[in-house]
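The values are calculated or read from the model by the stated rules, or taken from the named source; none is laboratory data. Please read these numbers as outputs of a predicted model, since none were measured by experiment. Quick reminder, even Gly has a Cβ in these numbers, built from the backbone with ideal geometry, and neighbours come from all protein chains shown. When the accessible area is computed, the model is the full protein with side chains, heavy atoms only, and any ligands, DNA or RNA have been set aside. Shrake-Rupley method; radii C 1.70, N 1.55, O 1.52, S 1.80 Å.
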Amino acid sequence: MLTTLSRILSRRLRIFEYELLMNKKSWLTGLFIILLSSIAVLVRIYYVNALMTEVNISENIYNAAKVSIDTNGLKSAFSEGIHIKSFYICNLYLAFLIFGNFTVAGVYLNILYQVLTILLVYMMLKNLTNRLIGFAGGLILAIFPMYIESLSEVTVFNMELLFAALGCTMIVLAVCSFFRGHAEKADSNTKQMPSPPLPDAAEESVSILPDTSMKEIHYDDLEENKVQYLENPLPVPKRREHKEMDYAFEPTGKDDDYDVKDMTGKDYFDIE
């Protein structure tokens, strides 16, 4: 009883320590998200203000967005159907209403897409491995030069990359949640299994086993376990009659005369 109680207490203590450790580390996720967002935004603002010389906007996107403005609505953006380009034109149109310029709106829209992509990469790597590797992966993407240079291209590329990162993150979260739920279910089933009751020292009874090492063997027991063979139906030779050989006469003590030499004081090596 005391052993079972100690096991339960130790298990509860381990669970409490694990939850306490997770609560202490939960603030790291928020800290890493703030750091990645700040680094990504600062690096891109520096690139836009100091290093970017020109902005190339796709002609098709510019014309589609201009048509949306001329018609005073977003219905023309979906004239060719619902696809990723239509959503990008809608976002560009909304950004244009804020900044008043398609070029500036496209650049800052790319900054928003890239920052969100970096955070999604961090979340994906964090669930696959741990927080530090997720932060390292997000930091590498945040300062990757070729990725930063794509800010000057007002195209659908950054939005496509954002949707790809979003899809991968959703798949990783679904898989991790599935395996985590399966592990928790198995753990709960293990906890619900009743442990076998331990015998109490006062209730233990010592039983003496009989000693069978010197068991007496009875002839009747052997007859019962004797193998019963079937009679042979084929012709066999006649069984030989049992015969015994004995002496022709019974010897007596008076006829047993042997020459015995006196060996007093001698041994067998002295026999002549």
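With the structure loaded, tell me whether Ile82 is at pLDDT 85 or above and surrounded by fewer than 12 Cβ atoms within 10 Å (Cβ to Cβ) or whether it fails that test. For Ile82, the condition - at pLDDT 85 or above and surrounded by fewer than 12 Cβ atoms within 10 Å (Cβ to Cβ) - is not met. The single condition among (1) charged (D, E, K, R); (2) modelled with pLDDT of 80 or more; (3) over 30 Å from Thr117 (Cβ atoms) that Asp200 does not meet is (2).
Report yes if Ala136 is at pLDDT 90 or above and within 18 Å of Ile33 (Cβ to Cβ), otherwise no. In short, yes. Which members of the stretch 97-106 meet the condition of being surrounded by fewer than 23 Cβ atoms within 10 Å (Cβ to Cβ) and either closer than 15 Å to Ser152 by Cα or in contact with a helix residue (DSSP H, G or I) (Cβ under 6 Å, 6 or more places away or on another chain) (or both)? Result: Phe99, Asn101, Phe102, Thr103, Val104, Ala105.
Out of the residues in the stretch 28-44 that are among the β-branched types (Val, Ile, Thr) and touching a residue at least 40 places away in the same chain (Cβ under 8 Å), which is least open to solvent (accessible area, probe 1.4 Å)? It comes out as Thr29.
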